[in-house]
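One structure below.
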Amino acid sequence: MAGAIPDPSSSALRWRSVPPDALAWRHWGEEWVVRNERNGNTHLLGPVAGRVLELLAHAPGPLATAELTAALDPTLGASAASVEDVLTEFRRLGIAEALPG
Amino acid sequence: MIVADLARPVLARRLRDEGLRVRTGPVVNRIQSRLPRVAQGIALHYAEYPVEEADGFADFHVNIVTPRGVRRWARPQVHFQFDGMRAFLPLPADQAFAMLEWGLNWCVSANCHQYLIVHAAAVERSGLAALLPGPPGSGKSTLCAALVNRGWRLLSDELALLDFASGFVVPLPRPVSLKNESIAVIRRFAADAVIGPIVQDTVKGSVAHMRAPPDSVQRAGQPARARWIVLPRYESGVGARLSPLGKARAFMCLADQAFNYDVHGRRGFEFLGDVVGGCDCFEFDYADLDAAVGAFDRLSRP
C-alpha cells in the first residue's frame, strides 16, 4: 500500500529497535557485532551504528533522529543525515522500525 | 593397528568387502571401494591412521563406486556414496581419490554439528592454535602446507572443528589439498613432503594431496586452544605482512566461513564471540613462504 512505509528522512518519525532481549552483542574497540534473534542474522556495525542501536535498545520509548544525534558522543562526528542512513539500514535489516511521530 | 600394518592385498580386500574403518580425528569412516586408485591413495596418505575394529561403530559409511553401464568403460566415472546414496554428481575416474577426500570433508561439514565447523586451516604450536579462514584461492592450504613442514602441527587443512564444551580446536588432520601452482611451490619448499599424483582438470583445476605429517596424525587426540585468527591472502610481490585486524571483522569472517553457524543460533554467536575474544587477529598478505613461516614463528614466541 503506497505510503505504508514512512519516509525515514521525515523528522516527525520516531524509531525503536527490536526488544533488547532479541539482540545479542559483542563490542571490540569501535566495532560491534550484533545478532538479531528475530531473524537469526548477524551484522557488523561501525561506531555510529553500534551506538545508535545501543541507544534505541535501551531507550524507554521511540526516539527521533534529532534525539539520537544529540545523544551521540560528538567525537563520533555523526550528522543527522548519517544517523538517518543508519536508521534506514536498520529498517532494511529488520533491526528497527519507524513510527509516525 | 594403523593402515600401514595392513599388507596391500589385505587393504584392497577390506576396501572391497567389509570396508576399512579408519579414524580421522574424532570420526570413524567406513570406506569401501573396489577401485585401485582409492586403495593406492589410502595406502599413501593414510598409512599412519588408526584402523578401528571391523565391527566397531562408524560415523560415516562411504563408498567410491563405478557406475553400471557404458560409463564403466567409455570415459569412466565414479560416484561417491554416503550411506548407500549417491551424494554428488559423478566425476571422471581419475579423480576417485580426490572425490573421496572431498566427500569425507562433506561428511564432516554436513553432520558434525557438535562442533562449530569453520572453513579454515588450523595449525598448532606449543598447545596454541592458529585458525586460517579463507575462501578457495586465498592461499590458506599453501600456507598451511608450508607451516606443517616447518614444525607446526596440522590440525586441519580445510575444516577447523571448534568444540563447544572446551572452546578448543579438535584436530582433524587429513591430507592437505594443493591446487595448481601451489603443488610445485610446496614441492620446492619442502622436498621431503609426500605429495600424491596430480589430477588434472578437476573443478578446482589441478589437484594433488600432501600427506599429513605423521606426528600430526599421532597427536590427533590432542586439542589446542585457539590463540590466533589469521586471514591469509596470497599477493605477489609481498614477502610477508601481518596487519592487525579488528575482532568484530574477524568474527564476521569466521561466521561467514562457518558451515553451521546458523545451526547453533545464539549459542553459536556467544561461542564464536568467546573464541574471537581470546584470539589476536590479523590479516596476512604473503608471497614468500620462508618469510611467511618466519612471521608465524615470531607470532608464536612467548
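No value in this document is a laboratory result; all are computed from the given coordinates. These numbers were taken from a predicted model, which means no experiment stands behind them. Note that we place each Cβ from the backbone using ideal geometry, even for glycine, and neighbour counts take in every protein chain shown.
Of note:
- Percentage, to the nearest whole number, of Cα pairs in chain B over 28 Å apart: 37
- Between region A:64-96 and region B:232-302, the alpha-carbon centres lie 31 Å apart.
- If you take all other residues with their beta carbon under 12 Å from the beta carbon of B:His119, and give Lys and Arg +1 and Asp and Glu -1, the sum is -2.
- Magnitude of the charge dipole for region B:115-300, about its Cα centre and with charges confined to Cβ atoms of Lys, Arg (+1) and Asp, Glu (-1), is about 200 debye.
- Across peptide A:44-53, the average count of Cβ atoms from other chains found within 10 Å of a residue's Cβ is 1.
- If you bin all the Cα-Cα distances of region B:112-222 at 10 Å, starting from zero, the percentages per bin are 15, 48, 30, 7, 0.
- Protection proxy ranking for B:219-232, A:59-72, using the average of other Cβ atoms within 10 Å per residue and placing the highest first: B:219-232, A:59-72.
- Averaged over B:244-254, number of beta-carbon atoms from partner chains that fall within 10 Å: 4
- Two-site label geometry, B:Asp280 and A:Asn39: point separation in nm, points 7 Å out along Cα→Cβ: 3.8
- In this structure the amide hydrogen of B:Glu283, modeled in the peptide plane, comes within under 5 Å of the amide hydrogens of B:Leu231, B:Ser243, B:Leu245, none closer than 5 places in sequence on its chain.
- Computed E for B:Glu181/A:Ala12 - FRET, C-beta separation, R0 60 angstrom, nearest 0.05: 0.50
- Ordering B:Leu104, B:Ala43, B:Leu91 by Cα displacement along the dipole of region B:3-111 toward the positive end leaves B:Leu91 in first place; charges were set at the Cβ atoms of Lys, Arg (+1) and Asp, Glu (-1).
- Taking the Cα centre of region B:1-139 as origin and assigning +1 to Lys and Arg Cβ atoms and -1 to Asp and Glu Cβ atoms, the resulting dipole is close to 700 debye.
- Taken along the Cα-to-beta-carbon direction at a fixed 7 Å, the label points for B:Ala43 and A:Ala80 span 7.9 nm.
- Note on region B:3-111: Kirkwood hydrodynamic radius from all Cα pairs is 13.9 Å, rounded to one decimal.
- Charge-dipole axis of the protein assembly as shown as Lys and Arg at +1 and Asp and Glu at -1 on Cβ define it, positive-most pick from B:Ile64, B:Leu178, B:Ser126: B:Ile64
- Region B:87-106 and region B:178-224 have Cα centres separated by 17 Å.
- Using only side-chain charges placed at the Cβ, +1 for Lys and Arg and -1 for Asp and Glu, the dipole size of the protein assembly as shown relative to its Cα centre rounds to 1380 debye.
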